[in-house]
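Only one structure is covered here, and it is reproduced in the block below.
The values are calculated or read from the model by the stated rules, or taken from the named source; none is laboratory data. On a predicted model such as this, the values are computed, not experimentally measured, just so you know. Neighbour counts run over all protein chains shown; Cβ positions are idealised from the backbone, glycine included. The protein model used for the area step is the full one, side chains on, heavy atoms only, and it has no ligands, DNA or RNA in it. Shrake-Rupley method; radii C 1.70, N 1.55, O 1.52, S 1.80 Å.
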Amino acid sequence: YHATLSRLCMSASVTVAVHFSSGDAADWEQAINNVSNLYRDDTVPTGEGDLSLVVNGYAIRFLRRAALESDRVRGMSQAGVRVVACRNSMRRFDVPTDELVEGTVIVDSGVAELTRLQASGAAYLKVP
């Protein structure tokens, strides 16, 4: 069974939407670890831009350049992970665009982006 699953997964790229909204720093660290592990797992191949980390709510502060794990977020973005910030949350929590980690994509609504990704066939993961 596992060998068949591995062959199936390796034959096509998988699109994944990872959703993070917690304001807890330990949750953020776990979420970054989850995304990194998924990105490196060869049994779930993702092409560039096929893995999206959509951040909204209280978690939006973690996308600031000066925030915890910002170097890892920048590195994931440079490696092809699509890091997405919700503009509604940025406004609500007063996070200016120029303070975001380089490479962050801004969408008007994080929940709408998640809906679009799922409607186009993306697997949905809520972390942690």
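Please work out if residue 104 is touching a residue at least 40 places away in the same chain (Cβ under 8 Å), out of contact with any Phe, Trp or Tyr (no Cβ under 7 Å at 6 or more places or on another chain) and among the β-branched types (Val, Ile, Thr).
On the way: touching a residue at least 40 places away in the same chain (Cβ under 8 Å): yes; out of contact with any Phe, Trp or Tyr (no Cβ under 7 Å at 6 or more places or on another chain): yes; among the β-branched types (Val, Ile, Thr): yes.
So residue 104 fits the description; yes.
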Scan of the stretch 17-43 for residues that are part of a helix (DSSP H, G or I), of a type in the set (A, V, I, L, M) and within 21 Å of residue 117 (Cα to Cα), ordered by number: 31, 32, 35, 38
Check on residue 40, open to solvent by 70 Å² or more (accessible area, probe 1.4 Å) and within 13 Å of residue 104 (Cα to Cα): no
Every residue from the stretch 22-37 that is free of Cβ contacts under 8 Å to residues at least 60 places away in the same chain and surrounded by 18 or more Cβ atoms within 10 Å (Cβ to Cβ): 28, 32
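Only one residue in 85, 122, 59 is under 14 Å from the mean Cα position of the chain (by Cα) and within 19 Å of residue 12 (Cβ to Cβ). Which one? Quick ask: steps written out before the conclusion?
Values: 85 fails: within 19 Å of residue 12 (Cβ to Cβ); 59 fails: within 19 Å of residue 12 (Cβ to Cβ).
Of the residues listed, the single one that is under 14 Å from the mean Cα position of the chain (by Cα) and within 19 Å of residue 12 (Cβ to Cβ) is 122.
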